[in-house]
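The structure under discussion appears below in the form of structure tokens.
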Amino acid sequence: MTEQTFTESDRTDGIEPDMVTADHAPPSEAPTSGTQPMNMIQALNSALHVKMAEDPNVLSFGEDAGFFGGVFRVTDQLQQKHGLTRSFDAPISECGIVAAAIGMGAYGLRPVVEIQFADYIYPAYDQIVSEAAKLRYRSAGMFTAPITVRSPYGGGIFGGQTHSQSPESLFTHIAGLKVVIPSNPYDAKGLLTAAIEDDDPVIFFEPKRLYNGPFDGWHKNPVSPWKTQDLAQVPTGKYTLPIGKARIMREGSDVTILCYGTMVWVSLAGAEHAGVDAEVIDLRTLVPLDIETIEASVKKTGRCVIVHEAPKTSGFGGELSALVQERCFYHLEAPIARVTGWDTPYPHAFEWEYFPGPERVAEALKSVMTGGR
């Protein structure tokens, strides 16, 4: 058997000799513009393909994120189309994955790394907090860390305590990081593209319960596909959405709901279930936060309900509540309410008792509409 070797040209373009086929030849340019229905997996995958075709400094790696294309297939075909040196598998070492990305970023690359589940991100926390978030400041601007850390997060898939966590507040607390959480395919692609182009480190959490369709929390109902939603109509070419700008998903006058990720769809269902004219705001970005949109909405409605999957204590809802109180105190007609996960490990057997569903959201809405009584 002849040993397979790389030629110098292979190293230059990153394509292993036995990978080049008619179907998987490296693209010479980004896909032509057009729109087609995509689920969130496809939209994220499209963003990666477009940016890797456009910019040779963009690369992707992680555990099973190379040849296999990732556990959820978000990195599917990246290695086949863009080469072994730009999409590859990493050892099972989250600390090492992020550390390598920081070094790459300091030398001018734009790595996009995948942490297989957000529950596994903790070994990388020191590198993210002590190195990536501080690099621009500690070097007086000589170096930056233009890295994107992608990771599926949240529950609703019977993943139990080690595949369902929502650790976003651990990162919103750290100066120097941006934290992005999309709720639909259109936003997912535009925000991931913006994150890759950002010169600062971005933590990009992907609500895995939304990968294949919107989920309103009514878990006994049939699964709804993305193709029925307007926000699943995604341009095939490049576009970006601004990091730090919220989206008003539903206009209303009675109460403001602040939410993100899967809870956007749960909040919409909860408002319908309660029969309340709620204004539902999808934050999209936790840091930087679109406080102007929040303030304008709460001053209009006079009431606020905050919804997230993470445990209540020290969750990001606490920060949102404080900001609303500071800026809208004289406009509030009822105490701010929070609907969250419980302060326990995420349970497997009691998934739907833990998961904030539309009934709990509806109860909170009715409570604030009666003055919090």
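The values are calculated or read from the model by the stated rules, or taken from the named source; none is laboratory data. Quick caveat, the model's predicted, so the values are computed rather than measured. Accessible surface is based on the protein model in full, side chains and every heavy atom, while ligands, DNA and RNA are left aside. Shrake-Rupley method; radii C 1.70, N 1.55, O 1.52, S 1.80 Å.
Please list W226, W342, W218, W265 in order of solvent-accessible area, largest first, computed with a 1.4 Å probe with all protein chains present. List each step's numbers first, then the result.
Details: W226 5, W342 125, W218 75, W265 30 Å².
Ranking W226, W342, W218, W265 by accessible area, largest first, yields W342, W218, W265, W226.
Per residue, the accessible area of the chain comes to 43 Å², computed with a 1.4 Å probe over protein heavy atoms only.
Computed over the alpha-carbon pairs of the chain, the distance histogram in 10 Å steps reads 5, 24, 32, 24, 11, 3, 1, 0 percent, short to long.
Could you please state how large a percent of the accessible area of the range 237-373 is carbon and sulfur, counting protein chains only and using a 1.4 Å probe?
On the way: 2910 of 5700 Å².
Heavy-atom surface of the range 237-373 belonging to carbon and sulfur, 1.4 Å probe: 51 percent.
Over what distance in Å are the Cα centres of the range 284-311 and the range 234-255 separated? Cα centroid to Cα centroid, the span is 14 Å.
Note that the range 314-329 has calculated 3J(HN,Hα) couplings of 6, x, 5, x, x, 5, 4, 4, 5, 5, 5, 4, 5, 9, 10, 3 Hz, one per residue in order, obtained from phi through the Karplus relation 6.51 cos²θ - 1.76 cosθ + 1.60 (θ = phi - 60°); glycine and proline are x. Going through the cross-link list K81/K238; K245/K299; K227/K312; K81/K189; K51/K208; K178/K300, which pairs have a Cα-Cα distance over 26 Å in this structure? Over 26 Å Cα-Cα: K227/K312; K178/K300. Centre-to-centre, using Cα atoms only, the range 206-224 and the range 96-130 are separated by 29 Å.
Each Cα pair under 8 Å and six or more residues apart adds its sequence gap; the mean of these over the residue count of the chain is a relative contact order of 15 percent.
Using a 1.4 angstrom probe on the protein heavy atoms only, line up S367, S183 by accessible area, largest first. Can you show the working numbers first?
Numbers: S367 35, S183 0 Å².
The most accessible residue leads, giving S367, S183.
Each stretch of four or more DSSP H residues adds -39500 (n - 2.57); spread over every residue of the chain, this sum gives -8500 deg cm²/dmol at 222 nm.
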